[in-house]
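K.L.:
Have a look at this one before I ask anything.
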Amino acid sequence: MRRCASQPPLGVLLGEDAGWRTPFAVLAGLALAVTGVLAAVLPRQEAPATSVRDEVAAVLGRRVLVVIATTAFGLAATSTVFTYLAPALTEITGFGATAVSTLLLVHGVGSLAGGLVAGRLADRSLGATVRGTFAGLAVVLAIFPFAVPRGWSAVPAVLVLGMLTSATTPVLQSLVLRHAGRAPTLAVSVNVCAFNIGIAAGSALGGGLVAVDGGLRWLGLVGAALSLGALVISYAAVPRSHDSLTSVPA
């Protein structure tokens, strides 16, 4: 039975030693603790006065809908590979369980770095950052089937995949905030739904390919095609003439 990479590496290790329920209990406790910290340290601001009609109109705006479609395609691209990353590293690369958990941690380190860097770049040029992220993802995912059979190339591929996967989150949310104007609450929530729809769709698509003999290795090519789709759609969200748009007003 193949194990998906849906849990973080520390969660995988903890689940193997203490049972599958333990990681969820730990994450719930951490979420409560972080919520308390955020409530204590974040500045209090008045929420803008918007009506339900304004929120719905913002979601139905053409640019917002385009961003939502970009999100769904982009997350489908990454989850097609990431969902089955653990079995790919064990069955194709030949790594053991401990090495796979370590590589998932490498993926997490890359995710942290990618999110931080993408946020900074989006402040300078949102359109260029969006396109650069999805173009980079398409390249890495296309290379992935040829990198994963060898350990020396699989490690940097996993790291870069983590960086670019995480980079999608701040740039796409920044796009939604930019286009939703003064009624962003519902638009941001719907975009988060698009994240989850993309993850589910990519996982299902990858599962269908994994069921084919030898399909596990070639998931990256499907992900690359989806990433190119997100890249094409993103041009409608931020035309090249608007590359200088920042994520939030200064």
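K.L.:
Do you know which residues across the range 31-55 are surrounded by 10 or more Cβ atoms within 10 Å (Cβ to Cβ) and at pLDDT below 90?
P.N.:
Pro48, Thr50, Asp54, Glu55 - these are the residues of the range 31-55 that are surrounded by 10 or more Cβ atoms within 10 Å (Cβ to Cβ) and at pLDDT below 90.
K.L.:
Another question, if that's okay. Among the numbered criteria (1) modelled with pLDDT under 90; (2) in a helix (DSSP H, G or I); (3) of a type in the set (Val, Ile, Thr), which single criterion is violated by Ile143?
P.N.:
(1)
K.L.:
While we're looking at this one, here's another question. Answer yes or no: is there a residue in the range 220-240 that is modelled with pLDDT under 95, loosely packed, with under 14 Cβ neighbours inside 10 Å, over 21 Å from the mean Cα position of the chain (by Cα) and over 22 Å from Val158 (Cβ atoms).
P.N.:
yes
K.L.:
Right, next: Only residues that are in contact with a helix residue (DSSP H, G or I) (Cβ under 7 Å, 6 or more places away or on another chain) and among the aliphatic types (A, V, I, L, M): list them for the range 64-84, please.
P.N.:
Residues satisfying the conditions are Val64, Val66, Val67, Ile68, Ala69, Ala72, Leu75, Ala76, Ala77, Val81.
K.L.:
Here are Thr98, Thr90, Thr168: which of them is assigned to a helix (DSSP H, G or I), crowded, with 24+ Cβ neighbours inside 10 Å and not basic (Lys, Arg)? Give the derivation first.
P.N.:
Working: Thr98 fails: crowded, with 24+ Cβ neighbours inside 10 Å; Thr90 fails: crowded, with 24+ Cβ neighbours inside 10 Å.
Of the residues listed, the single one that is assigned to a helix (DSSP H, G or I), crowded, with 24+ Cβ neighbours inside 10 Å and not basic (Lys, Arg) is Thr168.
Conditions tested, residue by residue: (1) of a type in the set (Phe, Trp, Tyr); (2) free of Cβ contacts under 8 Å to residues at least 60 places away in the same chain; (3) over 21 Å from Ala86 (Cα atoms).
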position	(1), (2), (3)
Gly136	no, yes, yes
Gly162	no, yes, no
Val176	no, no, yes
Thr185	no, no, yes
Val192	no, yes, yes
Ala201	no, no, no
Gly214	no, yes, no
Val232	no, yes, yes
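The values are calculated or read from the model by the stated rules, or taken from the named source; none is laboratory data. These figures come from a predicted structure and were not determined experimentally. Virtual Cβ from ideal backbone geometry, glycine too; neighbours counted across all protein chains shown.
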